[in-house]
Amino acid sequence: MEKSKVENREKAIRMIKSAFDIIKEKGFAIHPYEEKDVYCGIEIEDQTSDGVNMIHFLDFRNKEFGIYSLCYELYKIYEGFDVDNEIAIHRQDEGYRDAIHRYDEGYRDAFRISQSVRDFERWEKRLKDLSNSVNAVRSKYEMMFDEDFSITLSEVLSTKEDALNDT
């Protein structure tokens with residue numbers, strides 16, 4: 001591979017690592033996902049402000065991986081997030097339902113459905129902010145390169161811990 005292509009590939013890897021840094025700065029943990037010893041996705045995880053654990057899977061199986069695909073996957077998560085649907089899903093969980101019933105029974109530490117709506121609306125705004133912030137890295141990338149350098153997740157994540165510690 002010629003020197004400029006190698007340098008551009010290295011810049012593309014640094015760009016992805018910069019995007020991962022932004023994801024972590026926004027408070028999300030990054031967990032690599034692998035199948036048959038090949039990295040093929042990542043999970044981003046955090047809790048809503050009211051403590052609901054949220055995990056989103058970014059699937060790169062059968063896709064080229066690069067800053068564009070990372071931005072697209074984050075955008076799909078944000079655009080696909082539906083507050084009403086999320087509440088309906090969580091209400092199927094006994095612990096979540098019990099917290100609502102405790103409120104109905106007069107416990108002050110439990111929460112109302114309206115609080116749940118606000119909580120998930122705040123989460124939706126966080127997802128939008130995350131998507132926009134990583135997309136800003138893509139915009140910077142477009143100014144640096146005239147082509148998309150597809151790389152493998154393995155090139156970015158030499159070990160599972162890289163996503164959490166070394167990016």
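What follows is calculated from the coordinates using simple rules that are stated; it is not laboratory data. Source: prediction; values computed, not measured. Cβ placement follows ideal geometry from the backbone for every residue including glycine, while neighbour counts extend to all protein chains displayed.
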Item to complete: Starting with the highest mean, order 55-61, 124-130 by the number of other Cβ atoms within 10 Å, averaged over the residues of each peptide.
Response: 124-130, 55-61
Fill in: Cα-projected label distance for residue 76 with residue 36, points at 7 Å along beta-carbon direction, nm
2.0 nm
Worksheet entry | Estimated inter-spin distance, residue 89 and residue 26, nm [label 7 Å along Cα→Cβ] | 1.7 nm
Worksheet item: Ranked highest first by average number of other Cβ atoms within 10 Å, how do 29-35, 64-70 line up?
Response: 64-70, 29-35
Discussion item. Give me, ordered by chain and number, the residues 5 or more places off residue 65 or on other chains with an amide H under 5 Å from its own placed amide H.
Written reply: 151
Worksheet entry | Phi-based couplings in Hz for region 38-49 (Karplus 6.51, -1.76, 1.60; Gly and Pro marked x) | 10, 5, 9, x, 9, 10, 10, 9, 6, 10, 5, 4
Practice prompt. Would you grab the residues whose amide H sits under 5 Å from the one on residue 40? Only those 5+ places off in sequence or on another chain, please, with H modelled 1.01 Å from N.
Written response: 33, 34, 35
